[in-house]
Protein chains: 2
Amino acid sequence: MKPTQTSNLTLHMVASLDGFISKQDGTVDWMHSQDQYDKGVALTEEDIADYLASIDCYVMGSHTYELALQLGWPYGDKPVVVVSSRSLSSDRASVSFFHGDIVELVEEQLKARYQNIWLVGGAALAKAFLQSNLVDKITLSIMPIILGGGTLFFDFIGKEIPLHLEDVKAYQDGMVELSYAVK
Amino acid sequence: MKPTQTSNLTLHMVASLDGFISKQDGTVDWMHSQDQYDKGVALTEEDIADYLASIDCYVMGSHTYELALQLGWPYGDKPVVVVSSRSLSSDRASVSFFHGDIVELVEEQLKARYQNIWLVGGAALAKAFLQSNLVDKITLSIMPIILGGGTLFFDFIGKEIPLHLEDVKAYQDGMVELSYAVK
């Protein structure tokens with residue numbers, strides 16, 4: 001058991017039923033489900049806004065960062081830390097770049113400042129964070145599709161991690177959101 | 001869209017959150033969750049009995065068959081078809097062995113005889129069935145654990161398959177059961 005913390009790092013990813021978070025060709029249209037699940041919850045713009053407002057800081061790898069730029073930057077002015085050894089820069093004051101020890105980043109820098117920290121990918125960074133015991137919660141949104149190939153979300157992290165199921169939500173578009181705490 | 005069928009083949013598997021259906025060391029204790037999810041549904045012996053009674057025939061690979069023998073044969077006298085090129089035999093009248101074209105097996109033999117056919121593993125057979133469009137429904141039970149390695153359930157099947165979410169059930173032990181129809 002981890003000690004009780006006032007600050008939480010949540011790993012949040014969207015994956016296909018077969019566990020892929022991206023397709024080989026890089027297209028993302030599969031993330032917009034065409035399914036209809038009548039028993040599902042409707043997600044309003046207001047719900048999404050409330051949800052996003054609760055997040056204090058985003059952490060991501062450089063490829064996720066570049067994809068976010070391409071898709072129109074969904075993070076607004078929220079602090080974003082890009083973990084990468086690549087030499088990158090940004091005009092946005094809210095974006096900073098980090099290269100170094102991720103344990104130090106999380107424990108000394110992020111948790112001292114932010115309460116609700118979201119790690120949003122990619123797979124390599126998620127793996128490193130899980131292996132270093134830096135993840136407190138996992139939220140996995142499963143889309144109603146089998147992709148058959150691409151980048152695996154959990155790519156053989158080489159470590160057994162017991163979880164506690166905290167919540168399950170099914171939406172009208174057939175997406176299922178599973179929320180776990182790392183034990 | 002597949003034509004409406006009176007007979008259905010359901011692929012049913014139990015996997016970890018990271019998509020593994022077995023550990024490298026072959027132990028299965030992880031399938032018995034120690035988690036407690038208070039909002040979950042309780043599963044009674046009667047529920048399980050009703051559920052199992054609805055299944056008309058099981059299909060599995062030889063390793064799944066041998067594991068079932070070891071674990072005390074949970075299939076009773078229900079017809080079981082073991083798909084394998086290995087030379088195997090059984091004293092049970094309910095068990096038969098098949099080696100050949102799986103499309104012929106399903107379309108001509110099984111669907112002519114049984115209504116609710118369950119494919120219960122392993123991963124190689126599941127992959128072959130998915131690739132040959134023989135799966136009508138998928139039920140995936142996700143246990144609250146990351147295994148970090150082992151045998152992947154959906155092992156890069158190389159094919160995109162849109163799904164329709166039919167049901168989501170969360171149980172008191174933290175297991176989440178997702179039911180889909182293949183579109």
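The values are calculated or read from the model by the stated rules, or taken from the named source; none is laboratory data. Please read all numbers here as calculations on a predicted model, not as lab measurements. Here Cβ is always computed from backbone atoms with ideal geometry, including for glycine, and neighbour counts include all displayed protein chains.
Among the residues of region A:7-19, those identified as surrounded by 20 or more Cβ atoms within 10 Å (Cβ to Cβ) and part of a loop (DSSP other than H, G, I, E, B) are A:LEU17, A:ASP18, A:GLY19. Among residues of region B:150-183 being among the hydroxyl-bearing types (Ser, Thr, Tyr) and closer than 16 Å to A:LEU178 by Cβ, the one that is farthest from the chain's Cα centre (by Cα) is B:TYR171. Hey, any hits in region A:112-123 for a residue that's at pLDDT 95 or above, out of contact with any helix residue (DSSP H, G or I) (no Cβ under 8 Å at 6 or more places or on another chain) and within 14 Å of another protein chain (Cβ to nearest Cβ)? Looking for residues that are at pLDDT 95 or above, out of contact with any helix residue (DSSP H, G or I) (no Cβ under 8 Å at 6 or more places or on another chain) and within 14 Å of another protein chain (Cβ to nearest Cβ), one finds none in region A:112-123, hence no. Looking at A:LEU147, A:LEU105, just one residue is under 30 Å from B:SER179 (Cα atoms) and out of contact with any Cys (no Cβ under 6 Å at 6 or more places or on another chain), and that residue is A:LEU147. In region A:159-167 there is no residue matching the filter, namely being crowded, with 19+ Cβ neighbours inside 10 Å, farther than 23 Å from B:MET175 by Cβ and modelled with pLDDT of 95 or more.
Each residue in region A:155-183 was checked for being at the interface with chain B (Cβ under 7 Å from one of its Cβ atoms), in a loop (DSSP other than H, G, I, E, B) and more than 23 Å from A:HIS32 (Cβ to Cβ), and 5 of them qualify.
With respect to the conditions (1) at pLDDT 95 or above; (2) farther than 21 Å from B:ASP35 by Cα; (3) in contact with a Gly (Cβ under 8 Å, 6 or more places away or on another chain), A:SER132 lacks only one, and its number is (3). So, B:THR27, is that one β-branched (Val, Ile, Thr), closer than 20 Å to B:ASP173 by Cα and within 14 Å of another protein chain (Cβ to nearest Cβ) or not? Yes; evaluated as a whole, the condition is true for this residue. Scoring A:GLY40 on the criteria (1) at pLDDT 95 or above; (2) closer than 27 Å to A:SER132 by Cα; (3) in contact with a strand residue (DSSP E or B) (Cβ under 9 Å, 6 or more places away or on another chain) leaves a single failure, condition (2). Scanning region B:131-154 for residues that are within 21 Å of A:ASP155 (Cβ to Cβ) and either outside any loop (DSSP other than H, G, I, E, B) or facing chain A (nearest Cβ under 8 Å) (or both) yields a count of 13.
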